[in-house]
Amino acid sequence: MFDKQIYVNRRLNLRKRIKSGLVVILGNTESPMNYRSNGYKFRQDSNFLYFFGLDLPNLVGIIDIEDGKDSLYGDDFDIDDIIWMGPQPSLSELGERVGVLSTAAQRDLQPTINRAIQQGRRVHILPPYRPDNVLLLERLLGVNQHMIRSYVSTDLIKAVVALRSIKEDCEILELERAAEVGYRMHVSAMQHARVGMLEQELAGMLEGISVSYGYMPSFPIILSQNGETLHNHDHSQLLTEGRLLLVDAGAENAMHYASDNTRTIPVGGKFTQRQKEIYNIVLAANNKAREMAKPGIPYLDVHRAAGRVLAEGLKALGLMKGDVDEAVANGAQALFQPHGLGHMMGLDVHDMEDLGENFVGYDDEVTRVNQFGTGSLRLGRRLQKGFVLTDEPGIYFIPALIEKWKSERINEAFICYDKLKDYYNFGGIRLEDDLLITDSGCRLIGKRIPITVEEVEATMAQGK
Ligand code: GLY
């Protein structure tokens, strides 16, 4: 937990952005796996962590804008809890740790909300994403669960996004710590990948590394020789000489800050000539994005510039044709990269996605583009100092997508469809770094995981 003043200041800053009413921040509850007492590892809500810092279930935080008071609702542990869980702090001790002096039992929450509603005060809530909290809000607000979305406060969403988008120094330190674990995960994958082992052996090792540093992976690990499937969670294949292995993995540290990196490595330790050609195009796009990312530039422009690098490289290889700018304007390179260049990262690996992608990644000035590929870009708006985001271009050969485009003659002026059959077993390459926007540019969060062909091959050779 950070120093209590951090949480006090964050709540004060939130107050400056909300005119009136009661802000209700719901913590998470335990989630059962297969029966009530066999739960998934507890993950606190990120907004609750941000404003109230406490990493325990069944808490609700209230920020009363008019009377200036912050309150914590929850129940003290009883002797049964202590028998199973060991000694626990009281609710008032917990509140004190994060600068909240007013604490009350869960049963007092409903009367507090009722009073605010009766007084005609606004009750600000964020979009719930867990069924337990949908049901809690249904009860607290007295509205049908299907109507909860219409009660969500856009003012509160915008205020939270404005605050959480700019990372504080203490958060950057945590992100660096998560990055250090992510580095170990990726270097271990490079050093331990062996022909004949199962993908799941490596995936398990990476997960174990993240757990050993305090929490768990920041998202389910993607580790597959079928890297053309963007979020491939199947780890059942044997590693086969000559194939590419895409590893998209990151750590969430004990303070719940994330890392998110992707590397693509050659099984057997050496890239083939064809793999190198595609790899270096993706690397050039990654580097282009890093060169361009700075305060004031829309990330949409960076996404497009990186897409141009992909199109140029694919044209030089004879896989695309025609005018590169026209090709990019028509979204032709999205056949090879059907996703956006990156997303915000912080307490969530896709930071604040629960609040709505368009609130996080777009604004009145930069709106989402309605085009295949670019339409999936999660962050398009102008970058600001303190943003943390991913830079993750890729090239994938997805046979079903290629066949679909070919049969529908999509972008046929720019795609050399006749050449692509030879790449149907290629897989996919993604290279992902995490960037912090600085005063005049950006820097990597953490040390760069080996990324050039030479660095990757040398790191793999160390494991032999
Ligand atoms: N790295 C996984 C994702 O961004 O969804």
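In the structure shown, do any of Lys19/Lys294; Lys16/Lys69; Lys288/Lys447; Lys315/Lys447; Lys270/Lys321; Lys276/Lys419 have a Cα-Cα gap over 23 Å, and if so which? Too far apart for the 23 Å limit: Lys19/Lys294; Lys315/Lys447; Lys270/Lys321.
Residue by residue, the range 28-33 carries 3J(HN,Hα) couplings of 8, 9, 6, 10, x, 7 Hz when phi is fed to the Karplus relation 6.51 cos²θ - 1.76 cosθ + 1.60 (θ = phi - 60°); x denotes Gly or Pro.
The distance linking the range 227-305 with the range 154-206 is 13 Å (Cα centroid to Cα centroid, whole angstrom).
For the pair the range 114-132 / the range 331-408, the C-alpha centres are spaced 32 Å from each other. When you restrict to C-alpha pairs under 8 Å that are six or more residues apart and normalise by the size of the chain, the relative contact order lands at 15 percent.
Ordered by the number of other Cβ atoms lying within 10 Å of each residue's own Cβ, fewest first, Phe336, Phe387, Phe48 fall into the sequence Phe48, Phe387, Phe336.
Cβ-Cβ distance of Ala316 and Glu138, R₀ of 51 Å, FRET efficiency by 1/(1 + (r/R0)^6): the value works out to about 0.35.
Placing a pseudo-label 7 Å from each Cα along the Cα-to-Cβ vector at Asp75 and Asp155 gives an inter-label distance of 3.4 nm.
As a proxy for reagent exposure, Thr367, Thr29 were ordered by neighbouring Cβ count within 10 angstrom, fewest first; the result is Thr367, Thr29.
Mind checking the full-extension length gain between Asp234 and Glu403? Use 0.36 nm per residue of separation minus the Cα-Cα distance, one decimal, nm. Spell out each step's value before the answer.
Details: separation 169, 0.36 × 169 = 60.84 nm, distance 2.35 nm.
Gain on extension, Asp234 to Glu403, equals 58.5 nm.
Couplings 3J(HN,Hα) of the range 111-125, computed from phi: x, 5, 5, 4, 4, 4, 5, 4, 7, x, 7, 6, 9, 8, 10 Hz, in residue order, whole Hz [Karplus 6.51 cos²θ - 1.76 cosθ + 1.60, θ = phi - 60°; x for Gly and Pro].
Read the figures in this text as sums done on the coordinates, not as results from a lab. Please read all numbers here as calculations on a predicted model, not as lab measurements. Please note: Cβ atoms are built from the backbone with ideal geometry, for glycine as well, and neighbour counts cover all protein chains shown.
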